[in-house]
Structure formats: structure tokens, C-alpha cells
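Here is the structure we will look at, set down as C-alpha cells.
The values are calculated or read from the model by the stated rules, or taken from the named source; none is laboratory data. This structure is a prediction, so every number in the text was calculated from the model and none was measured. As a convention, Cβ positions derive from the backbone with ideal geometry for all residues, glycine included, and neighbour counts pool all protein chains shown. Just so you know, the surface numbers come from the protein's heavy atoms only, side chains and all, with ligands and any DNA or RNA stripped out. Shrake-Rupley method; radii C 1.70, N 1.55, O 1.52, S 1.80 Å.
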Amino acid sequence: MQLKTRIIFGQFEEELRRLDLSGRGLLCCRRGFGGGLGWLDLRTIRVSPEPTLEDAERCWDELAGENFDYVLAVGGGSVLDMAKILAARMVNPGPIEGFLGVDRIENPPKPVIAVPTTHGTGSEVTKYAVLRVSGGKTSVVSEKICPSVAVVDPALTLGLPKELTIYTSIDALCHNLEAYFTRFADPLVDLICEDGVRLFFEGIEGAIADELQGRRKLMLCSVLGGVAITNTQTFLVHALSHVLGGRFGVPHGMANSLFLRAFLEFCRGDEKFGLLERRLGLDLIAELDAFYRRHSLKGLSDFVDEREALELAGRAYANRRLVEGGRMKAGKEDLEGIVLRSLRS
Ligand SMILES: [Fe+2]
């Protein structure tokens, strides 16, 4: 277990002041940022949701010739991921396409200070940055892109719309569950994931009701999920959702939500599944079903037909890095089983 990121819990402006940032910074955000950051010398760049490789190159072109001492990212997963890529590009020659894959970043990037405004991706502590590339999703995977500092302030998530709250939270739940069933999980990762899953079920209704206590639990669930996947990786839900997101434009958290139940059924035969349920005192699939019903969540059949679903299982199976990382062997027929069950549930 290792962690490259210093994690600070607190009020984000206060904590940013305490960091004593000096020099010129690049501020990455979604829609502009109204917060009072006037004491910092910042150049702002806007990041679109679920950006493509071309978006990343465009952002870089927009900054041509400018120099920065650090990157401050305030936003959801897409903003944080883009900040990590731009910080890497500042000290590594392009094109950005060359960063895609595992350990392709040579020089340590400029420091990134990540301030998440959603509780989902855990990108503020991870070694991943995801881009849409030619009809799919591809990750930059490198410990060098882990943010230097994460400032975690759950109050920033207050006011997130219900749907975004549900689907980003499910992303965090998936990170905890998938990491738990990889072959890289160690006893500390197990504890982290167990607590991450517990916090999801304890906090989700409060978070949906926009109560700070629920938001706190989900933010912690998200950070724990990020710590877990950066020490392991994700597994079949993300292998499938990356294809669905890239091909059909389904947002990341929602795409994950469509496969999670069937993934848990796939895991049910593994001894760690029973162990997890005993530790949590929960019937996981029943809890999840009740939650999906309560909030009338969509199903896979709302997006694809059987032929398309089987095709996406085939493409997900080609993601050898994720498919071969599990505790249990996953064949193409297992992925097909998951998509077919997801279509019918
Ligand atoms: Fe994710």
C-alpha cells in the first residue's frame, strides 16, 4: 500500500491559503470558478465533461508558450483528469496520445493540487486520467500523475443535482467493490474497500437529500475508492463501462451502474463475497436492488439491444489489463453473461 498524495480534509479556501502556493498557477475548472481565489496568480482553463484526446490537445494548444508553476484543479473527475494530463504535458514533449497506456510519463509533472467537487471518481488521489479516444475510453496510468495534494471539502458537493449525486456515488461504490475483487488487493486494501462500501450504504440517502453528513460519508467513500484503485485497479464493471461510455456517450457513473448488479452476481461464488457481506452485515445485492428501485434507475436495455450488448462484451474482453486483474478468471462468456443479465434486470 502506498499513497503519493497528501490528503487534507478541511475548508478548501483556508487549506489552499495554508499551502502557500507561489508563482503562476493554471486553474482547471468546468464553468469558471466564483470562489475567492484572488490572492493567487491564476490563468483559468475550462474543461468539458468526459473530454476526448482532441479536447486535451486543444487545451494544451490554448496554453502554448505559457509557463506555470503548479496546476490547481477544482471540479469533478474530468477536470481533475485533464489537470493531471496538462501538468504532465508541461514537462513532457507531446503528443498527448503518447501518454496513453501504462507508465508512459517520463518526467515528473508539475505539482497538481486537486479539489474534488463531486464524490465519485477519487481522481484526486489516483494514478489515472481517462480520455475518450476513437469511440472508446483509454487511460493514462502512471504513479507520476498522482496529485501532490488533495484538498477534500465535502461542503463543495452541496447542491449537486440528484442524478449526478447518485451516479457519481455509484462510481465510488464500484471502485471499492472492484478493487476488492482484484488479485492485487492486500489486507489494507480490503479494509479500505469494506469501509468504502459501508459508507456508501450509510450515506447515500443523506447525500441525495443534500445533507452535509451524507455528503461527508460519500466523499470519504470516494477518497477510499480512489486509494483502493490506485493500489490495485478496477475490474469488469469499468472494462464494460469504458466501452459503453466511449461508444454510446453514456456518462461514466451511469455506465457503471448498469453493470454493477450482474458483476456482483458474478462475484457471488467467490469466498471474499461472503466475507464482505458478513463484515458489513448486508445482503449486498438485495440492498442494491432496493436502492435502484427506490430511485428508478435506468437499465442497460435503455441504451443498447442484445447485439450491441454482446459486441460491447467482446470489446471489453479485449481490455486485457482490467480483465486479467481479477481474483477470479473472467472469460469472454462471463462478460457476455454480465451484459445479458444487465439487459434483463
Ligand atoms: Fe470510475
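Which residue is farthest from L260 (Cα to Cα), if the candidates are limited to region 191-219 and must be out of contact with any Gly (no Cβ under 6 Å at 6 or more places or on another chain) and without any contact (Cβ under 8 Å) to a residue 24 or more places away in the chain?
Among those residues, the one meeting the criterion is E211.
For region 106-132, name all the residues that are open to solvent by less than 30 Å² (accessible area, probe 1.4 Å) and away from the ligand (no atom under 16 Å from the Cβ).
Those that are open to solvent by less than 30 Å² (accessible area, probe 1.4 Å) and away from the ligand (no atom under 16 Å from the Cβ): P109, V112, I113, V115.
Which one is nearest to the ligand (Cβ to nearest atom), of the residues in region 147-185 that are open to solvent by 10 Å² or more (accessible area, probe 1.4 Å) and among the small types (G, A, S)?
A185
Return the residues of region 216-269 that are among the aromatic types (F, W, Y) and either within 14 Å of the ligand (Cβ to nearest atom) or open to solvent by less than 10 Å² (accessible area, probe 1.4 Å) (or both); say none if nothing qualifies.
Residues satisfying the conditions are F235, F259, F263.
Filter region 320-345 for residues that are in a loop (DSSP other than H, G, I, E, B) and at pLDDT below 95 and give the result.
Selection gives S345 alone.
Conditions tested, residue by residue: (1) surrounded by fewer than 24 Cβ atoms within 10 Å (Cβ to Cβ); (2) more than 16 Å from the ligand (Cβ to nearest atom); (3) of a type in the set (A, V, I, L, M).
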position	(1), (2), (3)
P51	yes, no, no
A56	no, yes, yes
G65	yes, yes, no
L72	no, yes, yes
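Determine whether S142 is on the phi < 0 side of the Ramachandran plot and buried (at least 24 other Cβ atoms within 10 Å of the Cβ).
Taking the combined requirement at face value, the residue does not satisfy it.
Can you name the residue in region 75-90 that is over 13 Å from the mean Cα position of the chain (by Cα) and open to solvent by 10 Å² or more (accessible area, probe 1.4 Å) and is also farthest from the ligand (Cβ to nearest atom) among such residues?
Applying the filter and picking the extreme gives M90.
Cβ contacts < 6 Å: first residue over 16 Å from L42 (Cα atoms), restricted to region 1-22; second residue surrounded by fewer than 13 Cβ atoms within 10 Å (Cβ to Cβ) and of a type in the set (A, V, I, L, M, F, W, C), any location; separation 6+ or different chain. Result?
That search, which allows pairs on different chains as well, returns M1/L188.
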